[in-house]
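So the structure is just underneath, and the comments pick up after that.
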Amino acid sequence: MKKPKSKQLRIQSRTSEVQEIELLEKWIEFGKPESGSNPLSLPPLPAKSPIGRIDESTYSQYAGCTKFQQLPLSKNTKDGLRQSGYKNMTNIQRASLPHSLSGRDILGAAKTGSGKTLAFIIPVLEKLYKARWGIEDGVGSIIMSPTRELADQIFGVLKSVGKHHGFSAGLLIGGNEYDEEKDRVNRMNILICTPGRLLKHMDTTPNFDCSQLQVLVLDEADRILDAGFKKEVNAIISQLPKHRQTLLFSATQTKSVKDLARLSLKDPEYVAVDEEAIAATPSRLQQKVMLVPLDQKLDMLWSFIKAHLNSRILVFLSSCKQVRFVYEAFKKLRPGIPLKCLHGRMKQIKRTFILQQFVEQRSVLFSTDVSSRGLDFNKGVDWVVQVDCPDDVAGYIHRVGRTARYDSAGRSVLFLLPSEMKMLDRLQEKKIPVQVDKANTKRLQSVSGLLAALLAKYPDLQPLAQRAFKTYVKSIYKQKDKEVFDVTKLPIDDYSASLGLPMTPQLRYLDRKSIDKKKLPEESTLLPEVPVQKDLIKISSQKESNNLLEESEEDEETLDLLQRKETENDEDLKAIENMLPTTRVLKKKKLKINVHRPVGSRVVFDEEGNTLPPLARLAAMNADSALLDKDKVLKRYAEMKLDMISRDKEDKILDRQRRKEKRLKEKEKHKRARDNDDDVDEDDDGFSGSDKDTHNLKKSKVYFDSDGDDDDVARKDEVASKTDAISLHEQEELALKLLSSMHSS
């Protein structure tokens, strides 16, 4: 157990803290960069120059420095950075930290994997340290992120860098125990949260106060400020003080005046370190685009996975239902590499566990866009595969940003439909260098038949396939950019067949007639001509290659996207393929009835072999013609009706007799049971018998006067006699009880 500090040591530590804070404030004020300046343009500090105070009124220059130890930071922060392995600063940190440490608002934009997290965690720690913030002061800083996984990652960095400070920090995200958070949130100094969870605490937690907030941080600010979080963010901002420091960071930063006005920013410093860069994505990232028809997407994905069994692959799909179906189907096909899935419908504990597993071992992770922003997989992602086209260019940048982090290399491939070629123009406008390649169908392994066999073998998979089909089509239908996403150009029937479905699910919100008219030609698999710049998009040669994805001669390393590798699971796939259904109904064909078709007739022959019309036996036969006698037919119908009425009367009489016999039997049964109970009462000396009899007696029915038959009158007489007998019996028992009580006294 650590020995507590003495009073004198505590006084000395407080004095040293005050002196350090005064030194830091003077140092920051001395070297504060001018508003609007770019510290990256300043020369770095020489290696052997003094750091900190040089004389009584002179301090070292920190704007433009390249190491954390050269910044005006507290000793606790520097110790945490050194122990965590952070020594040199990245460009976004060099450009933003001199301004943020001076107390200015920041709009920071940098490529993915450039170290934006430290760029806002360090100012938060220093701001609270210089204010001598404590537990009794309440919430001093709020850091918001759009996803739970990103919030958890930021919390881990904060614990590592700020472990020498005495601040209390809390993680407020969905999936955690709300009651535990409710009890502790008022004692937290730094809150890392998602917008929905924070607003819930603001509305329901008693005494939750953010009126003394010092720093507000929005990580992935463009995502938080868009329409998806608009209501939550507006409600949160309305409860925060206007006099605060605000830091906004993202790889695709917003410049909307409305968004900035909502946050009450005061002359923010716009720090964009990559505006003059040749590309908007990391320089070590190799980016490919493949034109794949919709019905061949899963075939292409399966072939890609089989060709890269020793890689860590992150696969993006557009909806949770697609992720679930592809994961469950491929897991049963056994590609030879561990498979995992991640989507927003999973519980938080499971999501965190899957992310840890994906970082530790080589596997394939099927995910939605919940993994596209901010997550750092420890430089471990080899390939990013985008099976479905992202919503916009910003979504593409964040997706491919999960690989090629910091100084590491990475590769990505995007599957585009022929109708989505406009996305290439969007990428070109944002300075994203991509290489368009054509698929080599000779190396393509089809899994449509295997999926159909799986749906027949496992009935639980068919609803998943149907929901995956519906959610994908609906996601395309709801897209705002109709130049890229046109649902009328999708081969819907072929896509449903590629998922193994026996027939196309019904989509009520689509006009199928208009879709059939606008179908793409069968030669849609050919590469269309795309007017793009040569320096941004390199179109590879169309010569034959052994690889499914043909490579250009300029690449030093062949990507070999879909080179087939034999595995031990091929026999299992052949066994599943034998179960393939022989036919498939592509459409639900409506039953068409022709009202003008000839009606069939019954042919009857007489003894001589001549044909007779129907019901000829009931008609009077003439020598000239054989026509029906209508009077005779009507007479027969009348006789049948009379016979039916008479039989109905007989059935009613028989039914009445049966019910009468049944009632008599029940009465005899109850009478015999009552006589047996009377005999038992005479033999017993106690008084329990009478109680038992009264308990076992069935409540008699009361019949009211009605116009019934004689049977009802007889029934009333029997019930009356029965009630009289019961009352007489009770009187006798009462007399016996009185006599016995007199003798006993």
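Listed highest first by mean packing, meaning other Cβ atoms within 10 Å per residue, what order do 364-377, 328-341 come in? Display every interim value, and only then the final one.
Working: 364-377: 23.7, 328-341: 17.9.
Output ranking for 364-377, 328-341: 364-377, 328-341.
Assigning unit charges at the beta carbon (Lys, Arg +1; Asp, Glu -1) and nothing else, what dipole magnitude in debye, to the nearest 20, does segment 12-126 show about its Cα centre? Provide the component values of the computation, followed by the final result.
Numbers: 14 positive and 11 negative charges, 115 e Å.
Taking the Cα centre of segment 12-126 as origin, the dipole is about 560 debye.
Quick check on the exposure proxy: order Glu20, Glu29, Glu607, Glu126 from fewest to most C-beta atoms within 10 angstrom.
On the way: Glu20 15, Glu29 11, Glu607 5, Glu126 24.
By the 10 Å Cβ count, ascending: Glu607, Glu29, Glu20, Glu126.
Scan segment 1-92 for trypsin sites (Lys or Arg not before Pro) in coil per DSSP, keeping those whose Cβ has at most 14 other Cβ atoms within 10 Å, and list them by number.
On the way: sites: Lys2, Lys5, Lys7, Arg10, Arg14, Lys26, Lys48, Arg53, Lys67, Lys75, Lys78, Arg82, Lys87; in loops: Lys2, Lys5, Lys48, Lys87.
Sites meeting the loop and neighbour criteria: Lys2, Lys5, Lys48, Lys87.
Could you tell me the calculated FRET efficiency between Leu40 and Gln506, based on Cβ-Cβ distance and R0 = 56 angstrom, to the nearest 0.05?
On the way: r = 58 Å, r/R0 = 1.04.
In this case the efficiency is close to 0.45.
Given a Förster radius of 60 Å and the C-beta distance between Arg656 and Lys182 as r, what FRET efficiency does 1/(1 + (r/R0)^6) yield to the nearest 0.05?
Details: r = 73 Å, r/R0 = 1.22.
Efficiency for this residue pair is about 0.25.
So, by mean Cβ neighbours within 10 angstrom, what's the order for 107-119, 472-484 with the highest one leading?
Values: 107-119: 23.3, 472-484: 16.1.
Taking the mean over residues of other Cβ atoms within 10 Å, the ranking is 107-119, 472-484.
Mind giving me the nanometre distance, one decimal, between the label points for Ser740 and Lys632, set 7 Å out from Cα along Cα→Cβ?
8.7
With each pseudo-label sitting 7 Å past Cα toward Cβ, what's the Asn310-Glu608 distance in nm, one decimal?
9.7
Mind listing the phi-derived Karplus ³J(HN,Hα) values for segment 100-111, rounded to whole Hz, using 6.51, -1.76 and 1.60 with θ = phi - 60°, and x for any glycine or proline?
With the stated coefficients, segment 100-111 comes to 5, 5, 7, x, 8, 6, 10, 10, x, 10, 7, 5 Hz.
With charges only on Cβ, +1 for K and R and -1 for D and E, what is the dipole size of segment 10-272 about its Cα centre, in debye, rounded to 20?
Working: 35 positive and 30 negative charges, 103 e Å.
About 500 debye.
Net charge around Asp643, counting only other residues with Cβ within less than 14 Å of its Cβ (Lys, Arg = +1; Asp, Glu = -1)?
Numbers: positive: Lys635, Arg636, Lys641, Arg647, Lys649; negative: Glu639, Asp648, Glu650, Asp651.
Charge balance near Asp643 sits at +1.
From the convex hull of the Cα coordinates of segment 10-272, what is the mean projected area in square nanometres? Display every interim value, and only then the final one.
Numbers: hull surface 57.1 nm².
It is 14.3 nm².
Under 8 Å for C-alpha pairs, at least 6 residues apart: give me the relative contact order for segment 372-479, rounded to a whole percent. Walk me through the numbers on the way to the answer.
Working: 75 pairs, mean separation 24.3, N = 108.
It rounds to 23 percent for segment 372-479.
With θ set to phi - 60° and the Karplus curve 6.51 cos²θ - 1.76 cosθ + 1.60, what are the ³J(HN,Hα) couplings of segment 230-247 in order, to the nearest whole Hz, using x for Gly and Pro?
4, 5, 5, 5, 4, 5, 5, 4, 5, 9, 9, x, 7, 8, 7, 9, 10, 10
Just to be sure I understand: of the beta bridges DSSP finds with both ends in segment 10-272, what percent are antiparallel, rounded to 5?
Values: 2 of 27 bridges.
Of those bridges, close to 5 percent are antiparallel.
Would you work out the relative contact order for segment 10-272, in percent, from Cα pairs under 8 angstrom that are 6 or more residues apart?
Values: 428 pairs, mean separation 56.7, N = 263.
Once divided by the residue count of segment 10-272, the mean separation gives 22 percent.
So the label point goes 7 Å from the Cα of Asp460 along Cα→C-beta, right? Which residues of segment 313-354 then have their backbone N under 15 Å from it?
Inside the label zone: 324-333.
Among 655-665, 92-102, how do they line up by average Cβ neighbours within 10 Å per residue, starting with the highest? Numbers along the way, then the final one.
Values: 655-665: 10.9, 92-102: 25.4.
Top of the packing list down: 92-102, 655-665.
So, in nm, how far is label Glu20 from label Glu666 when the simple model puts each one 7 Å beyond its Cα toward the Cβ?
9.4
Taking 0.36 nm per intervening residue step and subtracting the Cα-Cα distance, what contour gain separates Ala272 from Gln348 on full extension? Provide the component values of the computation, followed by the final result.
Working: separation 76, 0.36 × 76 = 27.36 nm, distance 3.38 nm.
Answer, rounded to one decimal: 24.0 nm.
Read-outs: derived from the displayed coordinates by stated rules, not from any lab. A quick note: this is a predicted structure, and the numbers were derived from the prediction, not measured. Cβ: placed from backbone, ideal geometry, glycine included. Neighbour counts: every protein chain shown.
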